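Novice: What follows is a structure written as structure tokens; I'll ask about it next.
All of the numbers you see were taken from the coordinates with simple rules; none came from a lab. Only a predicted model underlies this, so the values are computations on that prediction, with no experimental measurement involved. A quick note on method: Cβ atoms are made from the backbone with ideal geometry, for glycine too, and the neighbour counts reach across all protein chains shown.
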Amino acid sequence: MSKYKVMVVGLGKRGGHHVKHFCTHPDFKVTAICDIRQDAIDAIAKELDSPVTGTDAREVALAAKPDVFCFCTLPDIRSQMIGIAIESGAKLIAFEKPVALTTTEGAKIKKMIEDSGIKAVLSYQHRYGPHYQKVAEIISSGAIGDIHTIYATAVGWSTHMAEHMLHYTRWFANYPVPEWVMANVAGKCKLSSPDKHYSPDYIGAFVQYTGGIRGIYEIGGGAPDVPQVKKWFHKNRIGAMGTNGYAEVYTGNGYKAVTREGIFEGPGAMDYDQDMPGYIDDIAKWLNEGIKHPCRFSNAYTNFEIWQAMYRSYFEGGQISLPLKNTMDEIEELKKRMPDKKIMVTFDESRNEY
Ligand SMILES: NC(=O)c1ccc[n+]([C@@H]2O[C@H](COP(=O)([O-])OP(=O)(O)OC[C@H]3O[C@@H](n4cnc5c(N)ncnc54)[C@H](O)[C@@H]3O)[C@@H](O)[C@H]2O)c1
């Protein structure tokens, strides 16, 4: 079988990870790379076999005609990149969370992907970590009984963390469908974040899912510490409670399950080199065997809509039913409506960011 030709756009931190791990998978060959920074192109081009290179993604894509169009740019140019991928004739788009910054952009992307029929996946690659896998295995074995609650806390801001938290909790509960969301937000400092991951500094939210499952989420500087984890950005607690116990993963340090059969604990830490190969291999399986990727766009879009409904609850008050019925620029609305009131962070380390 000839290898799938891969183009990677945006050669920063995550672009570098994608180039590396597409290169190590036997089914893929990175044949094109693009960044607006020539130095980033030069640094990676020398590791590859005469790739097509350039600073204009459309020009490179039309010349290289990739099978897989992967982009790892910041969140502000999603629909532009999706348009280029479709125009280039790619079979699959691999991109980074978040789906988009606003529902106006998100809905546009959804339509483009659905109308073209192109496959698309988002990088929720933490799920391939052994501690995440262990928690999923314990829960699916029935050891904690019937799930009634899923929950996550993360100290990073929501444009970085919300879709991750929603994806892993929904995975643990076998992807329940959201019915309504109720939430509030605090703190405007990250609404003008230089990394373009515009977010309120803190969200607290309840989500009602089908099957009577309740979701509880806290994301940002008001979220509690996860003391067993040292690295600030990895202080996430993600779990499920059932009729017979609970199981939870800590992104930066292991997992714990309390069940009728006993207490189970073990190691594990989020690590790109450990987590990326499984994510890339599932892309190959979708292309080769038609086995749908667990991080596929249709699934990711549900995470995105739940997260955006949290903002709607702040604007409209009360419970917001899903799916959402209209689109808007949530970031502009947050900027207009939120008071200039600093958040009260939960622990000192979070003051460095908020
Ligand atoms: N899945 C994860 O665990 C994870 C972790 C970190 C970041 N991310 C996501 O990955 C994405 C990228 O983050 P990053 O940390 O790699 O950012 P980065 O700033 O390191 O890299 C972005 C790159 O895109 C390039 N770029 C910008 N506009 C471009 C354009 N029009 N054409 C070509 N290149 C362009 C920049 O020059 C830069 O090199 C973000 O959406 C972020 O949320 C995901």
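Novice: Normalized C-alpha radius of gyration of the stretch 183-250, against 2.2 N^0.38 Å?
Specialist: Against the empirical 2.2 N^0.38 Å value, I get 1.32 for the stretch 183-250.
Novice: Determine, from the Cβ-Cβ distance of Lys325 and Thr24 and an R0 of 45 Å, the FRET efficiency 1/(1 + (r/R0)^6), rounded to the nearest 0.05. Walk me through the numbers on the way to the answer.
Specialist: On the way: r = 44 Å, r/R0 = 0.98.
Using R0 = 45 Å, I get an efficiency of 0.55.
Novice: Another one. Report the antiparallel proportion of the DSSP beta bridges in the chain as a percent, rounded to a multiple of 5.
Specialist: Working: 39 of 66 bridges.
Once the DSSP bridges in the chain are tallied, antiparallel ones form about 60 percent.
Novice: Quick one: which residues, 5 or more positions from Thr149 or on another chain, have an amide H under 5 Å from its amide H? H modelled 1.01 Å from N in the peptide plane, none for Pro or chain starts.
Specialist: Distant-sequence amide H within range of Thr149: Arg214, Met241.
Novice: Return a whole-number percent for the relative contact order of the stretch 122-199, with Cα pairs under 8 Å and 6 or more residues apart as the contact set. All intermediate terms of the calculation are to be shown ahead of the outcome.
Specialist: Details: 43 pairs, mean separation 21.3, N = 78.
Relative contact order comes out at 27 percent.
Novice: Let me ask something else about it. Any chance you could give the angle, 0 to 90 degrees and rounded to 10, that helix 272-289 forms with the longest Cα principal axis of the chain?
Specialist: On a 0 to 90 degree scale, this one is about 70.
Novice: Oh, and also: Cut-off under 16 Å on the C-alpha distance; same-chain residues fewer than 8 positions from Lys336 excluded. Which lysines are left, in chain and number order?
Specialist: In chain and number order, the partners are Lys188, Lys190.
Novice: Another question, then. Arrange the following residues from fewest to most other Cβ atoms within 10 Å of their Cβ: Ile36, Ile219. Could the numbers behind the result be given before it?
Specialist: On the way: Ile36 14, Ile219 32.
Lowest count first: Ile36, Ile219.
Novice: Is it possible to state the helix-based mean residue ellipticity at 222 nm for the chain, with each DSSP H run of 4+ residues giving -39500 (n - 2.57), the sum divided by total residues, to the nearest 500 deg cm²/dmol? What is it?
Specialist: On the way: 10 runs with 125 residues, N = 354.
Estimated from H runs of four or more residues: -11000 deg cm²/dmol.
Novice: Here is a follow-up. For the stretch 114-154, what is the convex hull volume of the alpha-carbon atoms per residue, in Å³?
Specialist: Numbers: hull volume 6.4 nm³, N = 41.
Spelled out: Cα convex hull of the stretch 114-154, divided by residues, is 155 Å³.
Novice: Still on this structure: Let me know the Kirkwood hydrodynamic radius for the stretch 21-123, please, with Cα pairs as the basis and the value in Å to one decimal. Present the calculation step by step, with values, prior to reporting the outcome.
Specialist: Working: mean 1/r = 0.0707 Å⁻¹.
The answer is 14.1 Å.
Novice: Cα-based Rg (one decimal) and Dmax (whole number) for the stretch 222-282, in Å?
Specialist: According to the Cα coordinates of the stretch 222-282, Rg and Dmax are 13.4, 36 Å.
Novice: What is the projected area of the convex hull of the Cα atoms of the stretch 157-300, averaged over all directions, in nm²? All intermediate terms of the calculation are to be shown ahead of the outcome.
Specialist: Working: hull surface 42.5 nm².
Taking the Cα atoms of the stretch 157-300, their convex hull projects to 10.6 nm² on average.
Novice: Something else about it: What number, in percent, do you get for the relative contact order of the stretch 7-69 if the mean sequence gap of Cα pairs under 8 Å and at least 6 apart is divided by its residue count? Spell out each step's value before the answer.
Specialist: Details: 91 pairs, mean separation 22.6, N = 63.
With pairs under 8 Å counted, the relative contact order is 36 percent.
Novice: Over all directions, the average projected area of the alpha-carbon convex hull for the chain comes to how many nm²? Don't skip to the answer; put the middle values down first.
Specialist: Working: hull surface 70.3 nm².
Projected over every direction and averaged, the Cα hull of the chain covers 17.6 nm².
Novice: Let me ask something additional. Distance check, please: which entries in Lys97/Lys230; Lys29/Lys110; Lys231/Lys256 exceed 26 angstrom between their Cα atoms?
Specialist: Values: Lys97/Lys230 24 Å; Lys29/Lys110 28 Å; Lys231/Lys256 18 Å.
Violating the 26 Å Cα-Cα cut-off are Lys29/Lys110.
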